[in-house]
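Worksheet: the structure to be examined is printed underneath.
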Amino acid sequence: MSEHLLSIEGLHAGYDGVAVVRDLNLFVDAGEVVALLGPNGAGKTTTLMTISGMVQRLAGSVAIDGQTVPRLRQAHKVRRWGVLHVPENRGILFQLTVRENLELAKTSGKVDIDIALEFFPALGPLMNRKGGLLSGGEQQMLALGRAIAAEPKLLMVDEMSLGLAPKIYEDLMPVVRRVADETNAGVLLVEQHVDLALEVADRGYVLSHGDLALSGTAAELLADRHVLDASYLGVESLED
Ligand code: ATP
């Protein structure tokens, strides 16, 4: 059995029996930040949703901490195993206060709001504010804080920067690194801002039209910039 925190082998994932992600092999270790990159429609969100059990995989295996995730959709079970997914839309409940949103992190009778505040002190004065009245950046802090409060083994973050001003997401990105360093969680980060993601990541995978085009350490991917860019453009041959 694999020693990795998350281990994906030969994953085919998609909708109505049609694969939009094919034969993906990927792993994430505890304490690691791994970037999942690629252009629009490459299959990044589908991959995260398949790992978290919201989309049923078509073939292949997904194991978390050595436990095989059943093929049938099992989002609740996967969450109980410590996989927390911050989706693109952030999943904030607008009618609930910040505190109530954070309490939704409760998975087994325990929620540590203090951990969320340690990572995002700016949420402190906002505790009684309704989720719907927060700015985009505050909502993203709340979404991340709520996931962190559940003390995840694996934190998956989809397009953290979406709709935010550069100053806001540039400040948020290093927090993801801190989560891995300080809590030993593994982090799988889907991000359009490649350079920013690779600045905080240990390794990265690049999907192109559902296929794995490239993978390597963050330093390797940044050093081979033209190869990385070619994979974004879906260029068949990545050789010079
Ligand atoms: P983006 O950054 O645009 O979200 P992505 O890399 O996350 O891109 P996905 O959202 O995973 O890509 O989409 C991969 C493919 O699956 C696309 O062709 C998309 O149209 C298709 N797709 C996504 N969601 C569904 C769905 N619910 N039903 C059918 N097809 C879908």
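The values are calculated or read from the model by the stated rules, or taken from the named source; none is laboratory data. None of these values were measured; they are calculated from a predicted model. For neighbour counting, all protein chains shown are included, and Cβ atoms are generated from backbone atoms with ideal geometry for every residue, glycine included. Ligands, DNA and RNA are excluded from the accessible area calculation, which covers all protein heavy atoms including side chains. Shrake-Rupley method; radii C 1.70, N 1.55, O 1.52, S 1.80 Å.
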Checklist entry - Residue separation times 0.36 nm, minus the C-alpha to C-alpha distance between Lys106 and Leu93: what's the value? => result 3.2 nm
Item to check | 5 angstrom amide H check on Leu5, placed H, neighbours 5+ away | outcome: Val28, Asp29, Ala30
Next on the checklist: Could you compute the net charge surrounding Arg177? Neighbours are other residues with a C-beta less than 11 Å from the C-beta of Arg177; K and R count +1, D and E count -1.
Outcome noted: -4
Checklist entry - About the Cα centre of region 91-150, what is the dipole size in debye to 20, counting +1 per Lys and Arg Cβ and -1 per Asp and Glu Cβ, all else neutral? => result 160
Checklist entry - When the helix-only estimate is applied to the chain (DSSP H runs of n ≥ 4, each -39,500 (n - 2.57), divided by the residue count), what is the mean residue ellipticity at 222 nm, nearest 500 deg cm²/dmol? => result -9500 deg cm²/dmol
Checklist entry - Build a GNM of the chain with springs between Cα atoms under 10 Å: which of Met127, Met49, Met156 gets the top mean-square fluctuation? => result Met127
Checklist entry - In square angstrom, what is the accessible area per residue of region 167-207 with a 1.4 angstrom probe? => result 38
Checklist entry - Suppose every K and R has +1 on its Cβ and every D and E has -1 on its Cβ; what is the size of the dipole of region 136-207 about the Cα centre, in Debye to the nearest 20? => result 160
Item to check | Rough spin-label spacing in nm, given labels placed 7 Å along Cα→Cβ, for Ala223 and Arg71 | outcome: 4.1
Next on the checklist: Give me a comma-separated list of calculated 3J(HN,Hα) values for region 198-210, in order, Karplus coefficients 6.51, -1.76, 1.60 applied at θ = phi - 60°, integers in Hz, x for any Gly or Pro.
Outcome noted: 6, 5, 9, 8, 7, 9, x, 10, 10, 9, 9, 6, x
Checklist outcome for this item: Filtered pair list for the chain (Lys only, Cα < 17 Å, 8 or more apart or interchain) has a length of 5
Item to check | Nearest-20 debye value, the chain charge dipole, Cβ charges on Lys, Arg, Asp, Glu | outcome: 1280
Checklist entry - Of Ile92, Ile168, Ile148, which has the largest mean-square fluctuation in a 10 Å C-alpha GNM of the chain? => result Ile168
Checklist entry - Taking Rh as the Kirkwood radius, which is the inverse of the mean 1/r over Cα pairs, what is the Rg/Rh value for the chain? => result 0.96
Checklist outcome for this item: Candidates Gln95, Gln140, Gln74; GNM for the chain (alpha-carbon contacts under 10 Å) flags as most fluctuating Gln95
